[in-house]
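Everything on this sheet refers to the single structure shown next.
The values are calculated or read from the model by the stated rules, or taken from the named source; none is laboratory data. Treat the numbers as computed from the prediction; the structure is a model and nothing was measured. Neighbour counts are summed over all protein chains in view; Cβ atoms, including those assigned to glycine, are modelled from backbone coordinates with ideal geometry.
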Amino acid sequence: MKLKLKQKELPPVQLRLVVPAALKEKLDHYLGFVHERSGREVDAREMAVEMLAQFIVSDREFRRWQRGDRPQAEADGVPPVQKRTQVNGHAAS
C-alpha cells in the first residue's frame with residue numbers, strides 16, 4: 001500500500017495590489033452578482049484570491065511549462081531566437 005502524505009500548507013503571504021478604478025468597480029458588481037445568485041456575502045479579497053487561483057489552475061500553457069513540456073532550448077535557459085523586423089526588404093534597427 002502506498003501512502004499519500006498531504007503536503008504541508010505554507011502560511012499565507014500578504015500581497016497588495018493597486019488596480020484601476022474601473023476594474024474595482026467591475027469587481028464590486030461581480031460581488032453583487034455572486035451575492036444575488038448564492039445569497040452569500042463575499043468580500044473582494046476572498047474573491048480575488050479565488051479568481052487568481054482559478055486563473056492559474058486553468059492556464060494550460062502554464063501547466064505544460066511546469067511539467068517541463070517546452071522546447072529544449074527554452075528548457076536549457078536559452079532565449080528564443082528573435083525575428084528581425086524588415087521594412088521594405090531591409091532589416092529594421
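What residue, of 25, 74, is modelled with pLDDT under 90 and more than 16 Å from the chain's Cα centre (by Cα)?
74
One residue stands out among those in the stretch 28-44 that are surrounded by 10 or more Cβ atoms within 10 Å (Cβ to Cβ) and either under 24 Å from residue 14 (Cα atoms) or touching a residue at least 40 places away in the same chain (Cβ under 8 Å) (or both): the one that is nearest to the chain's Cα centre (by Cα), which is 44. Loosely packed, with under 10 Cβ neighbours inside 10 Å, at pLDDT 55 or above and not in a helix (DSSP H, G or I) - does that describe any residue in the stretch 49-69? Yes; the residues of the stretch 49-69 include at least one that is loosely packed, with under 10 Cβ neighbours inside 10 Å, at pLDDT 55 or above and not in a helix (DSSP H, G or I).
Can you confirm whether the stretch 19-40 contains a residue that is assigned to a loop (DSSP other than H, G, I, E, B) and polar (S, T, N, Q)?
No, the stretch 19-40 contains no residue that is assigned to a loop (DSSP other than H, G, I, E, B) and polar (S, T, N, Q).
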